[in-house]
1. Condition test on Pro454, is it of a type outside the set (S, T, N, Q), outside any helix (DSSP H, G or I) and under 30 Å from Cys582 (Cα atoms)?
2. Just to be sure I understand, how many residues within the stretch 447-471 are modelled with pLDDT of 90 or more and among the hydroxyl-bearing types (Ser, Thr, Tyr)?
3. Going by the conditions given, is Asp212 under 24 Å from the mean Cα position of the chain (by Cα) and modelled with pLDDT of 90 or more?
4. From Ala98, Ala133, Ala88, which residue is at pLDDT 90 or above, of a type in the set (A, V, I, L, M, F, W, C), more than 30 Å from Ala24 (Cβ to Cβ) and assigned by TED's automatic domain parsing to the domain that holds Gly224?
5. Filter the stretch 47-85 down to the residues that are modelled with pLDDT of 85 or more, farther than 15 Å from Gly224 by Cβ and of a type in the set (Val, Ile, Thr), then identify the one that is nearest to the chain's Cα centre (by Cα).
6. Taking only the stretch 376-423 into account, find how many residues are assigned to a loop (DSSP other than H, G, I, E, B) and within 15 Å of Gly322 (Cβ to Cβ).
7. How about the stretch 1-33: which of its residues are in contact (Cβ under 8 Å) with a residue 40 or more places away in the chain, within 15 Å of Asn202 (Cβ to Cβ) and part of a helix (DSSP H, G or I)?
8. Is it the case that the stretch 420-428 has a residue that's more than 29 Å from Gly541 (Cα to Cα) and small (Gly, Ala, Ser)?
Amino acid sequence: MNPLLLAFLAALLTTLALTPVVRAGARRIGMVAKPSVDRWHARPTAMLGGIAVYCGFAAGAGVALWFVGLGQVGPRGLGREVLGVLLASSLMFVVGLADDRLHLRPSAKLILQGLAAAIVISFGVVYPVTPWALVNVLVTFFWFLALTNALNLLDNMDGVAVGVSGIAALFLAATLIWDGSVLLASVCLALAGAAFGFLPYNFNRASIFMGDSGSLFIGALLAGLGAAYPSTVSASLVSVLFVPVLIVIIPILDTLLVTTSRTLAGRPISVGGRDHTSHRLVAMGLSERQVALLLYAVAGAGGVMALALRQARPEVGFLVGGVFLGGLLTFAAYLGRLHSYAPTEAAAKRVTVLVSDLLHKRRAFEVVLDLVLFAVAYQGAYLLRWEGAPPPEQGILFASTLAIAVVAKSACFGLLGVYRGHWQHLTIVDAHRMLRATLLGSLVTSAAVTFFFPTGAFSRSIWVLDGLLVATLVTGARATFRSLDLVRHSLREQGAPTLIYGAGRGGELVVREMMANPELAMRPVGFVDDDLKKHGRLVHGIPVLAAAADLSHLVQRHGVHAIVLGSKKIPAEALHRVRSACADLDVRLLQLRLELEEVPSMPAITPHFNDARMMGEADAIVPPSITRRRMGVL
C-alpha cells in the first residue's frame, strides 16, 4: 500500500477508535465544558478531544516515518525540519492540555508559544519571504504565533476548526507531493486523517470538544508545516507568499476580524465571545451546520487557488490573489456590521482619539480595500494589453509606476468625496461620484506617470483598461454590501406574508422598509399592480404577481396576512375593490405614510429655571423638522 495513504488511514482509524474512549474518560473525571454566556454550546460537553487527535496523528506520523526510515519514500533531506515541527507542536499539545486543566494565564501561554516558535526556527524552518535572514526569522516567529492562536480562536463552533484544519492539511499535502517533499506530505496527511477521524464526534451537535490541547497542537503543526513549505523548493515569490496563506485563509480571516473588532471596542482579545466569523454567519440566518459547510467550502476554495497559483507567473498570481483577498476583505467588512459591542468605560479608555479618527471617521478600511483594488486593476490592465504576457520592459515599467497609480487614484477618490457615503446605502449618485473619481484618477495617473517617466514606452490603452477595471472593481465591492443584505434577508425570511399594492416608487419604499425594519414582522411575497406591463417583473427581487382582481387567489395561495398600499394615487374604484377584498378575506389593509411634521419653537428659558431643568429642556429639543414613517391601518 502507498505509504502516504497508509499514514492517512492509520491516523483516521486510530482517532475514530480512540475518541469515544477519551470522551468517556473526560466525563468520568469531570473534564466537561459547561454552557456560559461567552460560549456557543448549549449543553455540557466532554473535553480533552485533543488527546485523541494527538494520538491519532502520532500513529499516522509514526507509520510515515517508519516507511521513510526504510527508504521506501524519499525524504529529500528534510528530516531535521520535520523533527523541529513535531517537537514544537508536541510542546503546544502539552501546553494546551495544561491550559484545559489548570487554565494558564495568557502571558504564560504566549511565552511557551514563543519557545515553540524558537524550537521550529532552531531546527532550520524559516519562512523565506525576503533576502534578509533576520527578517525571515522574525516573520517565521510571528507567523507561528499568529497561526497557532488563530486555530485556537477558530475553535468556537461545532466542527469548524477541526474540519477546516483537515482540509488545509490535505491541500498542503498536495502541494508538497507535487514538489516531491514526501516526508512533509506524509506528516500533513497524518494530520488530515486525525482531523477527519475526530470530525464525526465534533460536528454539530458535538459530543466532545478538542479543547486547547487540540487547537494549539493543530495550529502549531500547520504553522510549522506551512513555514517549511517554501524552503523545500525553489519557489517563486507568489508561491512563497500566497500558497501557505491561502491554504489557512479561514483562521487568518477569523483572527483579523475578531482582533480588529475587539480592539476597536476595547475588549481583550484573549477573552472568549460570540463575535467570531461563525457566529456572525449564524446572525445572517445560516444554521450551525450550514456555517461549518460554508467555511469548509471557502477553505477548499483557498486550497484550490493555492494549487493554481503554485507555478503561476508573478503578475498573474498577484492579480488573482489580489482579487481573492479583496473579496474576502469585503465579506469580512460586511460581517463586521453584524455584531455590536455594548459601550464600556474600558472601551472609552482604550480606543484613543487617533484610532477612532483613523478607523471610523477616515474610513480607513475602504481606503485600504481600494488600494488593493487599484493595484489589481493596474496589473490587470497590463495583462489584458499584452494578452497575459507583458514584455520584460513593460514589467519593469509596471513595477516602477504601480505606487504612483495607486496613490493618484486614492487621492482622487478622497478629493471627490467617494469615502463619505455608506456602502449599505449605495445609490446612483454614489455610482456617478465613483465614475467621476475613476475618470479623474485615470487622467491624473497618466499625467503623473508620463511626468516621472517621460522616456517610458507606455501604451495609451493601458489607461483605458485601467479605468474600466477600477470602475468595475470598486463599484462591485460596494454593491456587494447591498447584495449580501438581500442574501441575509432571504436567509432570515420571517414575519407575516404580505402583498404590496403598487409596484412603483411607493411600493419600492415599502419593500425597503420591511427589509430594513424587522420590528414590523412582515415579509413581502409579491406585488399587486393593475398595469399589465409590470407583471412578471422583479422589484428588489420581489415579483409583480397579478392585478387587484386576483387578490383572493393570491391571498389563499401565499397565506397572506396583510396588504400594504404602496401608492397614494390609487383610483377610488380600485381602492374600494381592495378594501372589499380585504374585508371578505379577513386580511389587514395598511398604508406606509411618510410625513413631515412642524416642530414647535423652543419656549423661552427664564433665569428662574435651575440647571437640572434647563438640561432637561435642552435634551427634549429636536431638529426643526423631522421625518416620520409609520405603517397605518386603513
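The values are calculated or read from the model by the stated rules, or taken from the named source; none is laboratory data. Note that the coordinates shown come from a computational prediction; the quantities given were computed from them, not determined experimentally. Neighbour counts run over all protein chains shown; Cβ positions are idealised from the backbone, glycine included.
1. Values: of a type outside the set (S, T, N, Q): yes; outside any helix (DSSP H, G or I): yes; under 30 Å from Cys582 (Cα atoms): no.
Here the answer is no, as Pro454 does not meet what is asked.
2. The number of residues fulfilling the criteria is 0.
3. Working: under 24 Å from the mean Cα position of the chain (by Cα): yes; modelled with pLDDT of 90 or more: yes.
So Asp212 fits the description; yes.
4. On the way: Ala98 fails: more than 30 Å from Ala24 (Cβ to Cβ); Ala133 fails: at pLDDT 90 or above.
Selected residue: Ala88, the only one of Ala98, Ala133, Ala88 that is at pLDDT 90 or above, of a type in the set (A, V, I, L, M, F, W, C), more than 30 Å from Ala24 (Cβ to Cβ) and assigned by TED's automatic domain parsing to the domain that holds Gly224.
5. Val53
6. Qualifying residue count for the region: 0.
7. Answer for the stretch 1-33, where residues must be in contact (Cβ under 8 Å) with a residue 40 or more places away in the chain, within 15 Å of Asn202 (Cβ to Cβ) and part of a helix (DSSP H, G or I): Leu12, Thr15, Leu16, Thr19, Pro20, Val22, Arg23, Ala26.
8. No: zero hits.
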